[in-house]
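These notes concern the structure reproduced below.
The values are calculated or read from the model by the stated rules, or taken from the named source; none is laboratory data. All of these numbers come straight from a predicted model, not from anything done at the bench. Cβ sites come from the backbone with ideal geometry, for glycine too, and all protein chains shown count toward neighbours.
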Amino acid sequence: MAVPVIDFSKLNGDDRAKTLAQIANACQEWGFFQLVNHGISVELLERVKKVSSEFYKLEREENFNKSKVVELLDESGELLEDADWEDVVTLLDDNEWPSKTPGFQETLKDYRFELKKLAEKVMQVMDENLGLPNGYIKKAFNDGDGDNAFFGTKVSHYPPCPKPEKVKGLRAHTDAGGVILLFQDDKVGGLQVLKDGEWIDVQPLPNAIVINTGDQIEVLSNGRYKSAWHRVLSYVDGNRRSIASFYNPSLKATIAPAPHLVEKTNQQEGETYPKFVFGDYMSVYVQQKFLPKEPRFQAVRAM
């Protein structure tokens, strides 16, 4: 099995219906797919690769080598079940960004602008495939017609790990939010998605953008699209770059199954996914990120 690879440019031609069907199938059967010809220039993506690698070497590598997870791995003979072999910095519109690496801020600002547009296009495709009004998911995430959705970018590196059997790069989880867009390393693998009880590699593909659906898409689609469990392995000879962007609801947004999709299944109250404020869901998620997701839905139902 291989994670679906979809040519996004074919939405604009004679193959539109076929491409819509491919995306619908990927959302339903995988919760993961890779987009090629997605409209983001190779020149920009090459700049992102360059500055993110330089950023890690210049601003992060030394501190990672002195970090708690390195210390724990050196001291423990046991599997580290509560740690990840990952160095992370999060970029938001209103937080402080790294400033020592030439070109980093300018390049990642341009990249985030393009990724946000791509996320909104992907959500429009989901609207169409689900039979929802155009802009339905975006409006739900923005809590109306404004620009209130959360859009964050996580720049991660997974350095070479001396004991990869003792620690994951990132433990298995589903994502809390909406649409996740990942620009992964095109040489060093490690990302896996759980499909039919089997961990499948998300194959490195130059300049592709990996899309996965989070828990809120599962709720809005009334379970038609499931958020997928995924993880990152660590490797002795690895040095993986990973840049994930998250288009998530505003913390104030109310999330619920789209009424149209509930009506189609003739479900009664209590049989559908719950209605909740996303901030309440996040309060549960931060405590239970690496645990089964169904209890999270039940916890917000009880709020």
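Suppose we filter segment 75-120 for residues that are free of Cβ contacts under 8 Å to residues at least 40 places away in the same chain and touching a helix residue (DSSP H, G or I) at 6+ places or on another chain (Cβ under 8 Å); how many remain?
2
Inspect all residues belonging to segment 201-224 and state whether any of them is among the basic types (Lys, Arg), surrounded by fewer than 22 Cβ atoms within 10 Å (Cβ to Cβ) and closer than 30 Å to Asn63 by Cα.
No, because not a single residue in segment 201-224 is among the basic types (Lys, Arg), surrounded by fewer than 22 Cβ atoms within 10 Å (Cβ to Cβ) and closer than 30 Å to Asn63 by Cα.
Checking Lys117 against (1) among the charged types (D, E, K, R); (2) at pLDDT 95 or above; (3) more than 17 Å from the chain's Cα centre (by Cα): exactly one of these is not met. Which one?
In the conditions (1) among the charged types (D, E, K, R); (2) at pLDDT 95 or above; (3) more than 17 Å from the chain's Cα centre (by Cα), Lys117 misses (3) alone.
List the number of the failed condition for Ser99; all other conditions in (1) in a helix (DSSP H, G or I); (2) out of contact with any strand residue (DSSP E or B) (no Cβ under 9 Å at 6 or more places or on another chain); (3) among the hydroxyl-bearing types (Ser, Thr, Tyr) hold.
(1)
Which of the following residues is of a type in the set (A, V, I, L, M, F, W, C) and part of a helix (DSSP H, G or I): Leu72, Leu79, Leu35?
After applying the criteria, what remains is Leu72.
Collect the residues in segment 283-297 that are of a type outside the set (Lys, Arg) and in contact (Cβ under 8 Å) with a residue 12 or more places away in the chain, keeping them in residue-number order.
Correct list: Val284, Tyr285, Phe290, Phe297.
Looking only at segment 1-57, which residues are buried (at least 19 other Cβ atoms within 10 Å of the Cβ) and more than 23 Å from Met126 (Cα to Cα)?
The answer is Leu45, Val48, Val51, Ser52, Phe55, Tyr56.
Inspect all residues belonging to segment 164-171 and state whether any of them is out of contact with any His (no Cβ under 9 Å at 6 or more places or on another chain), over 23 Å from Lys226 (Cβ atoms) and basic (Lys, Arg).
Scanning segment 164-171 turns up at least one residue that is out of contact with any His (no Cβ under 9 Å at 6 or more places or on another chain), over 23 Å from Lys226 (Cβ atoms) and basic (Lys, Arg).
Does Leu58 fit the bill of being in contact with a helix residue (DSSP H, G or I) (Cβ under 8 Å, 6 or more places away or on another chain) and either part of a loop (DSSP other than H, G, I, E, B) or at pLDDT 95 or above (or both)?
For Leu58, the condition - in contact with a helix residue (DSSP H, G or I) (Cβ under 8 Å, 6 or more places away or on another chain) and either part of a loop (DSSP other than H, G, I, E, B) or at pLDDT 95 or above (or both) - is not met.
For residues in segment 229-243 being hydrophobic (A, V, I, L, M, F, W, C) and surrounded by fewer than 22 Cβ atoms within 10 Å (Cβ to Cβ), which is nearest to Val48 (Cα to Cα)?
Per the criteria, the residue is Leu233.
Yes or no: Asp280 out of contact with any Asp or Glu (no Cβ under 6 Å at 6 or more places or on another chain) and in contact (Cβ under 8 Å) with a residue 40 or more places away in the chain?
Against the criterion (out of contact with any Asp or Glu (no Cβ under 6 Å at 6 or more places or on another chain) and in contact (Cβ under 8 Å) with a residue 40 or more places away in the chain), Asp280 does not qualify.
Inspect segment 143-159 for any residue being under 18 Å from Glu294 (Cβ atoms), modelled with pLDDT of 95 or more and either part of a loop (DSSP other than H, G, I, E, B) or under 18 Å from the mean Cα position of the chain (by Cα) (or both) and give the result as yes or no.
No, there is no match, as no residue in segment 143-159 is under 18 Å from Glu294 (Cβ atoms), modelled with pLDDT of 95 or more and either part of a loop (DSSP other than H, G, I, E, B) or under 18 Å from the mean Cα position of the chain (by Cα) (or both).
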